[in-house]
Amino acid sequence: MPGLLSVFSFEPGWPLYVYAKYGLLTLQNRGEEKKILCMNANSGVECRDLYEWSSTKNISNGFIAGVFNSVDLDGYIYWNDKLAVITDRRFKEISELADSIEKLISEDALWRSIEKVLSDFNGKEIPSFIAITKNGDEVIYRSPLGLTPLSIGGYGFDLLIASSESSTIEVLDADVRRYLKPGEGVVVSRNYLRFFQVERSRIWKICAFELLYTSRHDSLIDGIGVYEFRKTLGARLSRQLQSENIDIVLGVPETAIPYAIGLAQASGKPFEQAFIPTPVRSRSMLKNNPLERLIAIHLKLNPVKSVLEGKRVAVVDDSMVTGATLKSVSQILRNRVGVRELHLFIASPKIIKECPYRIFEFNKDCLISANLDDELLRKYLEVDSVNWLDLESLNDVARMYNCKLCGSCFGREVLGVDQ
């Protein structure tokens, strides 16, 4: 799931390359294979890898940028000398979208017509996107389905910043001003800043994995604290824990840590930081290559043996896709450490279907919970038990936080509503 970033300066003199460099670094949890920066240069638009731009290059008034977990950017980014568009999920009609926006540029009517163009875009479901024109004007737009978030912030009256993560805006020492609603966008130039609203889908929903896995712990999604949401799910997961069988609780770094803390606090069992991650690491769930996934797993899973040896351990993870991470965890704890018992707790329901929106490009044949029953899964992972958060618990917590989640990959279209 790519991360989007745009910065617009109303006054000259800001070191915008620095904002690009460190802003994209904060989004590395959403993609690490490619970092692309687009800006108006040499009387047109140019897009390059971030580090192909010189740090001394003068970015006149703004840029758009994205991080990607693939070197294949087809469907994510389109540009020519007049316009660049970056989306946060693959969109095969991206060139058509760019052509529609480009016509508005030639008519010098971008801010007056963008709402109608997006409303009438051939009935297609447009993803969230950011765009920059040859004049340096920018368009920031959140998908009507609302699957992925976009936050708007600023630094006084001098900079406008938009990002997939609210924490990016804060790290750049700016203030978060608002969260774009589904179907809402903003057009910005040196002369104006205008918000617009395209009719949103009747049932809009956030991708459940934004709250479960993708977003940083310190982000807010439509005002919902990611860290607090994950701790609440961990507490709910503790209902499946038989406390007499557990000595300590640990989480798989680093997404699962809040879940493990929530489970430990609710059960009264001690939480231990028993896995030490390497500072430069990767997100294993986003890797398609099996070897790269395995290396990414080991980068974050070096155990503290003295804490774990001979103990009955509850290991908490945010989700299970192929089972590769937890198979490695089991082998490390069994063979290298020597735990007495190993019980797995998964803080999301079983992933049994492919994502219909291609936010995650799951292959159903590789989804372990879609192909193995619990007993076969337990034997394959070499653990004493496997415990899942059930759909009703996730539905209840979503309702508690007053949000609707897309649960299509779990087998339910919408979570957070009365059933």
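The values are calculated or read from the model by the stated rules, or taken from the named source; none is laboratory data. Computed from a predicted structure; not experimentally measured. Counting neighbours? That spans all protein chains shown, and the Cβs are built from the backbone with ideal geometry, glycine included. The area values use the complete protein model at the heavy-atom level, side chains included, leaving out ligands, DNA and RNA. Shrake-Rupley method; radii C 1.70, N 1.55, O 1.52, S 1.80 Å.
Scan region 315-343 for residues that are out of contact with any strand residue (DSSP E or B) (no Cβ under 7 Å at 6 or more places or on another chain) and of a type in the set (G, A, S) and jot them down.
G323, A324, S328, G338
Where residues in region 210-245 are more than 24 Å from G23 (Cα to Cα) and polar (S, T, N, Q), which of them is modelled with the highest pLDDT?
T232
Go through the residues of region 408-419 one by one and say whether even a single one is in contact with a Ser or Thr (Cβ under 7 Å, 6 or more places away or on another chain) and either part of a loop (DSSP other than H, G, I, E, B) or open to solvent by less than 70 Å² (accessible area, probe 1.4 Å) (or both).
No, the conditions are met nowhere in region 408-419.
Taking strands (runs of 3 or more DSSP E) that do not extend beyond region 2-54, which have at least 1 residues that are of a type in the set (V, I, T) and at pLDDT below 95?
Of the strands (runs of 3 or more DSSP E) lying wholly inside region 2-54, those with at least 1 residues that are of a type in the set (V, I, T) and at pLDDT below 95 span 44-49.
Looking at L301, L263, which one is surrounded by 19 or more Cβ atoms within 10 Å (Cβ to Cβ) and either at pLDDT 95 or above or more than 22 Å from N387 (Cα to Cα) (or both)?
Selected residue: L263, the only one of L301, L263 that is surrounded by 19 or more Cβ atoms within 10 Å (Cβ to Cβ) and either at pLDDT 95 or above or more than 22 Å from N387 (Cα to Cα) (or both).
Among the residues of region 161-178, write down those that are aliphatic (A, V, I, L, M), more than 17 Å from F129 (Cα to Cα) and touching a residue at least 60 places away in the same chain (Cβ under 8 Å).
Answer for region 161-178, where residues must be aliphatic (A, V, I, L, M), more than 17 Å from F129 (Cα to Cα) and touching a residue at least 60 places away in the same chain (Cβ under 8 Å): V171, L172.
Take L110 and decide whether it is crowded, with 16+ Cβ neighbours inside 10 Å, farther than 23 Å from F360 by Cα and either of a type outside the set (K, R) or without any contact (Cβ under 8 Å) to a residue 12 or more places away in the chain (or both).
yes
Given G44, G62, G31, which one is under 23 Å from Y192 (Cα atoms) and crowded, with 21+ Cβ neighbours inside 10 Å?
G62
So, in region 213-247, how many residues would count as being in contact with a strand residue (DSSP E or B) (Cβ under 9 Å, 6 or more places away or on another chain), of a type outside the set (F, W, Y) and open to solvent by less than 10 Å² (accessible area, probe 1.4 Å)?
Residues that pass the stated criteria total 8.
If you check N335 against the conditions, is it of a type outside the set (F, W, Y) and modelled with pLDDT under 95?
When the stated conditions are applied, N335 passes them.
Quick check on this structure: which one of F63, F68 is touching a Cys at 6+ places or on another chain (Cβ under 7 Å), under 20 Å from G3 (Cα atoms) and not basic (K, R)?
F63
Could you check region 224-249 and list, in sequence order, the residues that are hydrophobic (A, V, I, L, M, F, W, C) and under 23 Å from the mean Cα position of the chain (by Cα)?
Residues satisfying the conditions are I224, V226, F229, L233, A235, L237.
Taking strands (runs of 3 or more DSSP E) that do not extend beyond region 103-181, which have at least 2 residues that are over 19 Å from the mean Cα position of the chain (by Cα) and β-branched (V, I, T)?
Per the criteria, 129-133.
Considering every residue within region 77-91, establish whether at least one is crowded, with 18+ Cβ neighbours inside 10 Å, more than 20 Å from S164 (Cβ to Cβ) and among the aromatic types (F, W, Y).
Looking through region 77-91, none of the residues is crowded, with 18+ Cβ neighbours inside 10 Å, more than 20 Å from S164 (Cβ to Cβ) and among the aromatic types (F, W, Y).
With respect to D99, determine if the residue is assigned to a helix (DSSP H, G or I), surrounded by fewer than 18 Cβ atoms within 10 Å (Cβ to Cβ) and either modelled with pLDDT under 95 or aliphatic (A, V, I, L, M) (or both).
So D99 fits the description; yes.
Mind checking which helices (runs of 4 or more DSSP H) fall wholly inside region 307-402 and carry at least 2 residues that are in contact (Cβ under 8 Å) with a residue 60 or more places away in the chain and open to solvent by less than 40 Å² (accessible area, probe 1.4 Å)?
324-331, 391-400
Looking only at region 317-365, how many residues end up being of a type in the set (A, V, I, L, M, F, W, C) and closer than 23 Å to K205 by Cα?
10
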